[in-house]
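Below is one structure, written out as structure tokens, with a few remarks after it.
A short reminder: the numbers here are calculations on the coordinates, not readings from a lab. All values derive from a computational prediction rather than experimental measurement. Cβ sites come from the backbone with ideal geometry, for glycine too, and all protein chains shown count toward neighbours.
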2 protein chains.
Amino acid sequence: MASMVRLQLVEVHAAATRALLTTQLLPASVEAIASTITDAERDGCKSHGLFRVPGYCKTVQLGKADAGAEPAVELAAPSVVQVDGARGFAPLALARGLPELAKAAKAQGVAVMAVRNVLHFASLWHEVEYLADRGLVGLACVSTKAYVAHGVGASSDRIYGTNPLAFAFPRAGQNHLIFDQASAAMARGEISLAGIAGELLPPGCAVDESGEPTLDPATALRGAQLTFGGIKGSNIALMVELLAAGLTASPLAYQAAENDNDPDSMTATLSGELVLAIDPAHTAATGDPVAHAESLFGRILGQQDGFLPSTSRHCGSQRADLRRRSEEEGVDVPADLLASITSLT
Amino acid sequence: MASMVRLQLVEVHAAATRALLTTQLLPASVEAIASTITDAERDGCKSHGLFRVPGYCKTVQLGKADAGAEPAVELAAPSVVQVDGARGFAPLALARGLPELAKAAKAQGVAVMAVRNVLHFASLWHEVEYLADRGLVGLACVSTKAYVAHGVGASSDRIYGTNPLAFAFPRAGQNHLIFDQASAAMARGEISLAGIAGELLPPGCAVDESGEPTLDPATALRGAQLTFGGIKGSNIALMVELLAAGLTASPLAYQAAENDNDPDSMTATLSGELVLAIDPAHTAATGDPVAHAESLFGRILGQQDGFLPSTSRHCGSQRADLRRRSEEEGVDVPADLLASITSLT
């Protein structure tokens, strides 16, 4: 069991800020990234918390991100917000673009935000929670560099990134319904961890270099991951790829992998993102969609409180309890992780 | 092997039209339904072809559909088209609404069509193919009456319909990329057919009345179906439910099942549908998204032509070949099905 250190959330924010400031990132970008990291720690999303700080720094050092990037936001059509991330990290681009997306969705009924030239290195629920907090339905998807094959085997050709999809439906006076899930059956980090632990993978997660199914983690990492849900899950990955990278004319996942100068490490890669916002105020002639959907949530949540798994954030009271506890008591961070972040400063 | 009859597509259309006209459906509605049925036969989607005619007729006879329904189309916001189906079948409502949706998407960059008071009894690829034919990216989803549980078991509570999701991305001078897939792991009709054939179901398709996994078709039909892809697939079903029934304030799947006066038969049920259209002309600052995505299609289709399964229509040349052959040579229809349709007139 790793030695843990208790940090208050302001200390998490400060530790991230100090490390990120060493990279010459603009203060506004550092603030946006540190806030995103702090929110992840607060909500128990450790894999997108302080754990990411060294990767952000290395991404700048490798020249993959532009430290001085100032995002540009433009209304390209009445319902289309374009954000040029200028080769910077996503949090600042999103902080600049999301208010315009929400404004366009309220004015037009629905709007999309097309984000390009951005390095996305955080979880997607941030974007859709922002929208749900404003009473909007949100859908977000992002493409990453390719690790995942199409279909159920017979090829190890890496076509897709882990290609997450996040969705939020607002609830009045409740935690919004939010899920945020990769199209890959298993996270790449989990495969690595299984290898370290000497464990086999569950069936259906990966193929070897010749496209044959494998349960061996090292073989899987050399081959290709598979999507969740067989061919139907592959179609979801394909949809995410086309929405995030296709519509924004950003590098497709396989192109991002080919162009990457750090293929084996945990650094971010230039990609596209698409965020959709729908205002429930205009989609029903009578009745309030938000109130209407409550009976569904009651029915699902009634089965088993907090039933949605770690891939699905924010539904049920578990996440809210965790958030409240983190705000009151702070969070536990591995001492060696904190030391490695402090050593960057 | 059932005895088959070769029909030209005009004969398919005429047979459907004659049967549907006996129900007092308005001629415009009959024409829209007959065209939808003919398109399904043309493309090899037998389960949405002439097979559906008796169901359409019975749905009217049971008073579930209003034969005289005249849909109303309204622009509720600059990017939101509302269609009130007036308790009629979906094809006429869609024929009236889709041109307005495409117009709004071209003008605003993105638009949604919220369809309510409609009985959807056809496949969804029609809607998104219409949009792709006009250069738009399309996404459509519809909720049906509930047969499907949330999650991977432990409850047989029927929450979702089969909840299909259809997606189209346009291709220039090629068959568009289109998939149309249920969120249920297996079609209900396939479970019935497995029972008749004395076969077991694949694992992961259904639970019995106490929520325990079952491979027995009859037990599955009494219990609940499961979604594809475990909890991630359930989240897709949930998203479809919220977009289609939630946003339109239409009966949720479990409400539709409770209200249904023909729970065990293949008739349509009042539901909501949401269709999204995005114009690629506004989502990228430089480059053409449609041209950009071609290299992805080349990479996937290059692996195995027509690789997408029966849940996924229109990608690759197989569907195009089938369509061309049907137009030239006609289609084969079971003689007993044709006799049952003729007997309605």
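Annotations
- Dipole orientation for region A:36-98: of the candidates A:90, A:54, A:38, A:54 has the Cα lying most toward the positive pole (charges on Cβ; Lys, Arg +1; Asp, Glu -1).
- Mean Cα-pair separation over length for chain A, i.e. relative contact order, pairs under 8 Å, 6 or more apart, %: 22 percent
- Stokes-Einstein diffusion coefficient of region B:75-227, Kirkwood radius over Cα pairs, 4 °C, 1.567 mPa s, in µm²/s: 76 µm²/s
- Separation of the alpha carbons by more than 28 angstrom is noted, of A:145/B:103; B:46/B:145; A:145/B:232, for A:145/B:103.
- Computed from the C-beta positions of residue A:219 and residue A:61 and an R0 of 35 Å, the FRET efficiency is 0.65 to the nearest 0.05.
- Exposure proxy for A:29, A:155, A:343: other Cβ atoms within 10 Å of each Cβ, ordered fewest to most, give A:343, A:155, A:29.
- Förster radius 30 Å - calculated FRET efficiency between residue A:35 and residue B:212, Cβ distance, rounded to 0.05: 0.05
- Built from the Cα atoms of chain A, the convex hull projects on average onto 17.4 nm², one quarter of its surface area.
- Length released on extending from residue B:294 to residue B:258, taking residue separation times 0.36 nm less the Cα-Cα span: 8.4 nm
- Taking only Cα atoms of region B:146-215, radius of gyration then Dmax in Å: 15.7, 52
- Rounded to 5, the percent of DSSP beta bridges in region B:75-133 classed as antiparallel: 20 percent
- Sorted shortest first, the separations between the residue A:334 label point and its copies elsewhere in the assembly read 5.9 nm; each point sits 7 Å from Cα along the Cα-to-Cβ line.
- Calculated P(r) of region A:1-130 - Cα pairs past 25 Å, %: 28 percent
- Shielding score for A:142-152, defined as the mean number of other chain Cβ atoms within 10 Å: 2
- Over chain B: helical MRE at 222 nm, DSSP H runs n ≥ 4 each giving -39500 (n - 2.57), nearest 500: -12000 deg cm²/dmol
- Taking the axis that rotates chain B onto chain A, the chain B residue nearest to it by Cβ, with the distance rounded to whole Å, is B:229, 1.
- For region A:140-191, relative contact order (Cα pairs under 8 Å, six or more residues apart, normalised by length) works out to 29 percent.
- Label point 7 Å beyond Cα along the C-beta direction, distances from residue B:216 to other copies (nm, shortest first): 4.2
- Which of B:38, A:23 has the fewest Cβ neighbours within 10 Å, and the rest in rising order: A:23, B:38
- Between residue A:8 and residue B:10, the modelled label-to-label distance comes to 8.3 nm, taking each label 7 Å out from Cα in the direction of the beta carbon.
- Over region B:199-301, equivalent-ellipsoid semi-axes from the Cα gyration tensor in Å: 36, 22, 12
- Scattering curve values for the protein assembly as shown, log₁₀ I(q)/I(0), Debye with Cα scatterers, q = 0.07 Å⁻¹: -0.45
- Among B:25, B:177, B:62: highest mean-square fluctuation, GNM of chain B, C-alpha pairs under 10 Å: B:62
- At most 16 other Cβ within 10 Å, DSSP loop - GluC sites (Glu not before Pro), region A:195-269: A:199, A:209
- When residue A:76 is represented by a point 7 angstrom out along its Cα-to-C-beta vector, the spacings to that point in the other copies are 2.7 nm, nearest first.
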